[in-house]
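Encoded as structure tokens, the structure appears first; notes follow it.
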Amino acid sequence: MIKYAKSGKVLSAMLNRFFATSRNGQDVDYNETNKKMIVELYNSLKKENWDGDLVLFTDDGDIEMPGFSFVGYDICADSMYYSPLGDGFLERYNKYPLFYSDMPRETYSIYKNDLNENQLFGSLDVAEAFSNYCNYINKKHRYCIEFEDNWRPVSVKIAF
């Protein structure tokens, strides 16, 4: 990103505005002002031949973002930094024995079969069922997933 910040005053100002608005250099609240800022920043970076991806994830329903395509549902807790899907919890049955202690193989198959090519859930219903199981099992076997609670589906979109 530093290389792009040096490519012009306008782009540098856009990057500075994004980082000043963000909580941790990554997250910004969804509102019309930030929505416009992100779309403008992304388009400017693309004009500079930036080859990165801009990922939008939210647990605030299906928000509209021009230039972004839905790629699936992930599962996160309140911090939004960790995903049991990303950590391979559905990679194979019984990979994490405590996690699978109350999940029949048939239920595992339902979850596993709903994963798309991005290894995200394609169906909100299945994502909700898996997050409910995560909440249940993480209370029964404290921290068998992670030290957090309140697991829930998160819509993931990527700018193309």
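Quick notes
- Scanning the range 60-82 for residues that are under 25 Å from TYR143 (Cβ atoms) and surrounded by fewer than 19 Cβ atoms within 10 Å (Cβ to Cβ) yields a total of 5.
- Options LEU85, LEU41: the member that is out of contact with any strand residue (DSSP E or B) (no Cβ under 7 Å at 6 or more places or on another chain), open to solvent by less than 50 Å² (accessible area, probe 1.4 Å), closer than 21 Å to GLN26 by Cβ and not in a strand (DSSP E or B): LEU41
- Any hit, the range 95-111, residues being in contact (Cβ under 8 Å) with a residue 60 or more places away in the chain, surrounded by 13 or more Cβ atoms within 10 Å (Cβ to Cβ) and within 20 Å of GLU128 (Cβ to Cβ): no
- Top-ranked residue in the range 111-160 [being under 21 Å from the mean Cα position of the chain (by Cα) and among the β-branched types (Val, Ile, Thr); ranked as modelled with the highest pLDDT]: VAL126
- The range 29-46 residues that are of a type in the set (Gly, Ala, Ser), paired with ones that are loosely packed, with under 15 Cβ neighbours inside 10 Å (beta carbon under 9 Å, 6 or more apart): SER44/GLY8; SER44/VAL10
- Leading residue by the ranking (surrounded by the fewest Cβ atoms within 10 Å (Cβ to Cβ)) among those in the range 112-160 that are under 20 Å from TYR96 (Cα atoms) and hydroxyl-bearing (Ser, Thr, Tyr): TYR143
- Positions within the range 140-160 being over 17 Å from TYR82 (Cα atoms) and without any contact (Cβ under 8 Å) to a residue 40 or more places away in the chain, in sequence order: LYS140
- Residue in the range 11-29 that is nearest to ALA127 (Cα to Cα), counting only those that are open to solvent by 80 Å² or more (accessible area, probe 1.4 Å) and at pLDDT 80 or above: ASP29
The values are calculated or read from the model by the stated rules, or taken from the named source; none is laboratory data. What you see is a predicted model; the values in this text were computed from it and never measured. Glycine also receives a Cβ, built like all others from the backbone with ideal geometry; neighbour counts cover every protein chain displayed. Surface areas here come from the heavy atoms of the whole protein model, side chains and all, with no ligands, DNA or RNA. Shrake-Rupley method; radii C 1.70, N 1.55, O 1.52, S 1.80 Å.
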